[in-house]
Amino acid sequence: MLGLNKKDTYMFLLVLALVVFAPFLLNPFPENSELAQFNAGYPDLMQRFLIFGIFAIGFNILFGLTGYLSFGHAAFLGVGSYAGVWMMKLLTMNVIPAIFMSVVFAGLFSLLVGYISLRRSGIYFSILTLAFAQMSFSLAYSVLTPITNGETGLQLALDDPRVIGVSQVDGSIPPANFFGMPMRESFEMSMGGWLFTFNAGYYLCAVVMMIAFYIAIRIFRSPFGMMLRAVKSNQQRMNFTGLNSKPYTLAAFVISGMYAGLAGGLMVAMDPLAGAERMQWTASGEVVLMTILGGAGTLIGPVLGAGFIKYCENIFSKINDNILYDWFAALPDGLADALVFIIHPFIGKGWHLTLGIMFMLIVIFLPGGIMEGMERIGRLFKRRKPPSQDKSAPQASAAPAE
Amino acid sequence: MEILRVEGVNKSFGGLRALNNVNFSVEEGTVHAIIGPNGAGKSTFLNCMIGRLAPDTGTVMFGDISLTGMKPHEINQIGVSRVFQTPEIFDDLTLLENIMIPALAKRDGEFALHAFARVDQDAEIHDRAMHMLEDVGLEDKRAVTASSLSRGDKRRLELAMCLSQDPKLLLLDEPTAGMSRADTNNTIDLLKRIGDRGITKVVIEHDMHVVFSLAEKVTVLAQGTIIAEGKPEDIKGDPRVQEAYLGGAHL
């Protein structure tokens, strides 16, 4: 289907199903239950899953395939965001021009950064991209204030021209919309104790992400994708084979920069403001974590990694001591105090500690990330079948990156 | 007809004169061996030919194209392939992919943004790669990752990668180094077979057995200077060559 082989088609349909039914899947607990705080099925968080999923898919095209580790990809996301807000200020509140121009501007900026940074490889390349991103971050706060509005962040205003659309509706800023359908509009469905929210913005993100994911699959399976893996494997052999590795790495860099811009544009479409903190090195580091956590070089891994980190960020950070005491209410007081004391550093503001420990465990024990973990579990189940089928296992593991 | 012509090449590393006014030419369709003791400058010479090192002075002509100043991928694109002393292959990729890459490079040039084509549906490239794998006897391992191969197999793979490009000139840097006797003989047979395709070969070699079973012409390099050149039989008896090899123990 769609020019994909059987295995990829199944994978694509699986991801499609997960994305379409996410409002159900992420809300497994009834509204009034104790566990409702573990529900992630609200629009804001679901949008972020998809947006950071796109960001990580794009980053993986560069890092997973070519092995070039960029520490500055948040800069492209930031540039995309600013471009998006400016489109909404100048043109129209329709999100399509905003998203489109986000991709274009991020692409142009990544062409410039990539052209310079790709003169070096390895750690020097990483440092160069980091330097560019931090430079953009600082400039956004200082010299470029007329464009970025400095610390306040770039926001919409009532007197923005919006030449194609309207400046204001009934004295307020018109909402971001997709040809008239506001992004914030949601349809709520109540079933028994459960409440499911279907948000217009979420489904726009879903369509965009599925397109982005589809393009990534095609790139992975193309001659171009194979050349990118050749860059990672042995650049010297590549050059002596008559291939110029520079345009290949630059193309991969620009494509991944455009994915980052797309993510930035979608962020703006969901919530029309842009701040410089989006370009900070911690944001660049986050996408590296997502990709490695999920499994660099795999197709679904980065999306899982993005979802995992965003889930931890939102859910773990919301658990506080009172909630813990609720959970341990059945235990004797002294024991409950002790347990809360032990768990305290890992929750609320301390969720980074939990994330850090998980990241270390995964990198040490599962260098291939979540995807490797799933593969190992899959193999465990396979081993129980008759030994005649076991012979196909080594061939399957020798197959190219998925 | 001469396919490769090297004139007055000098190369120094700091105070060390690695190549001293080397003049050298290769006839089209022949197997030309370069021999010499350790440190004679054989690998430096090869690197100057292939664009990995720039000679200080002198010219390297491939047909009527000057190779000086050209980048490695440009030199490959005009028909010069190279087998390295330690096999340079794509370790993380399968054998089939290892050969598809050079085949694609030959067909599509140094850069092609075919990001939406399906590599597994490219019958022409696939067949070509399979054919090459059969030629070197590795077709059963086509789905195996190249890093798991033995050293001898890696070298055969590298050779197949070079041959898949139908090069006009093939440079081999010690193609049998570190191989068992049996593997060495297999490699000699393989190289003889590909000789039938009319590919000109320049072989750098230590092993005299290999040199005398393959080469039609031998050039002897010692301390960066050519000290003898001629048919293998003539070289065998040359006293200067025997002296360069410490009394001819190897011969």
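The values are calculated or read from the model by the stated rules, or taken from the named source; none is laboratory data. Owing to the predicted nature of the structure, the values given are computational and were not obtained by experimental measurement. Virtual Cβ from ideal backbone geometry, glycine too; neighbours counted across all protein chains shown.
Within region B:44-61, can you find the residues that are within 14 Å of chain A (Cβ to nearest Cβ) and of a type outside the set (V, I, T)?
B:L46, B:N47, B:M49, B:G51, B:R52, B:L53
Could you list all residues from region A:236-258 that are in a helix (DSSP H, G or I), within 10 Å of another protein chain (Cβ to nearest Cβ) and either surrounded by 24 or more Cβ atoms within 10 Å (Cβ to Cβ) or not basic (K, R) (or both)?
Those that are in a helix (DSSP H, G or I), within 10 Å of another protein chain (Cβ to nearest Cβ) and either surrounded by 24 or more Cβ atoms within 10 Å (Cβ to Cβ) or not basic (K, R) (or both): A:Q236, A:M238, A:N239, A:S245, A:P247, A:Y248, A:L250, A:A251, A:A252, A:I255.
In region A:114-134, which residues are aliphatic (A, V, I, L, M) and either under 21 Å from the mean Cα position of the chain (by Cα) or loosely packed, with under 14 Cβ neighbours inside 10 Å (or both)?
A:I116, A:I123, A:L130, A:A133
Please verify whether region B:33-51 includes one or more residues that are in contact with an Asp or Glu (Cβ under 7 Å, 6 or more places away or on another chain), modelled with pLDDT of 90 or more, within 21 Å of B:N76 (Cα to Cα) and hydroxyl-bearing (S, T, Y).
no
Residues that are surrounded by fewer than 17 Cβ atoms within 10 Å (Cβ to Cβ), under 21 Å from A:W86 (Cβ atoms) and modelled with pLDDT of 90 or more: does region A:173-181 have at least one?
Checked region A:173-181: at least one residue is surrounded by fewer than 17 Cβ atoms within 10 Å (Cβ to Cβ), under 21 Å from A:W86 (Cβ atoms) and modelled with pLDDT of 90 or more.
Is there a residue being in a loop (DSSP other than H, G, I, E, B), out of contact with any Cys (no Cβ under 8 Å at 6 or more places or on another chain), farther than 26 Å from A:M270 by Cβ and more than 14 Å from chain B (Cβ to nearest Cβ) anywhere in region A:155-164?
No, region A:155-164 contains no residue that is in a loop (DSSP other than H, G, I, E, B), out of contact with any Cys (no Cβ under 8 Å at 6 or more places or on another chain), farther than 26 Å from A:M270 by Cβ and more than 14 Å from chain B (Cβ to nearest Cβ).
Which residue is surrounded by the fewest Cβ atoms within 10 Å (Cβ to Cβ), if the candidates are limited to region B:50-67 and must be under 11 Å from B:K11 (Cβ atoms) and out of contact with any Gly (no Cβ under 6 Å at 6 or more places or on another chain)?
B:A54
Name every residue in region A:220-235 that is at the interface with chain B (Cβ under 7 Å from one of its Cβ atoms) and among the aromatic types (F, W, Y), in order of residue number.
Across region A:220-235, the qualifying residue is only A:F224.
Just name the residue that is nearest to A:I57 (Cα to Cα) out of those in region A:202-219 that are more than 10 Å from chain B (Cβ to nearest Cβ) and free of Cβ contacts under 8 Å to residues at least 12 places away in the same chain.
A:I211
Residue under question is A:F109, and the condition is that it be within 16 Å of the chain's Cα centre (by Cα) and at pLDDT 95 or above; does it hold?
Against the criterion (within 16 Å of the chain's Cα centre (by Cα) and at pLDDT 95 or above), A:F109 does not qualify.
If a residue counts only when it is in contact with a helix residue (DSSP H, G or I) (Cβ under 9 Å, 6 or more places away or on another chain) and loosely packed, with under 15 Cβ neighbours inside 10 Å, which helices (runs of 4 or more DSSP H) contained entirely in region A:286-382 have at least 2 such residues?
Hits in region A:286-382: A:321-327, A:351-365.
Going through region B:93-132 one residue at a time, which ones are of a type in the set (A, V, I, L, M, F, W, C), part of a helix (DSSP H, G or I) and either within 11 Å of another protein chain (Cβ to nearest Cβ) or surrounded by fewer than 22 Cβ atoms within 10 Å (Cβ to Cβ) (or both)?
Within region B:93-132, B:L95, B:L96, B:I99, B:M100, B:I101, B:A103, B:L104, B:A105, B:V119, B:A123, B:I125, B:M130 meet the criteria.
Can you tell me which residue is nearest to A:G84 (Cα to Cα) among those in region A:121-170 that are of a type in the set (D, E, K, R) and without any contact (Cβ under 8 Å) to a residue 40 or more places away in the chain?
Looking at the filtered set, the residue picked out is A:D159.
Looking at region B:135-245, what strands (runs of 3 or more DSSP E) fall wholly within it and have at least 3 residues that are under 13 Å from B:A33 (Cβ atoms) and more than 14 Å from every other protein chain (Cβ to nearest Cβ)?
Here the list reads B:200-204, B:217-222, B:225-230.
Looking at (1) under 30 Å from A:G3 (Cα atoms); (2) crowded, with 20+ Cβ neighbours inside 10 Å, which is the only condition A:T148 fails?
A:T148 satisfies every listed condition except (1).
Name, by its number, the condition in (1) in contact (Cβ under 8 Å) with a residue 12 or more places away in the chain; (2) outside any helix (DSSP H, G or I); (3) within 24 Å of A:A296 (Cβ to Cβ) that does not hold for A:S110.
Single failed check for A:S110: (2).
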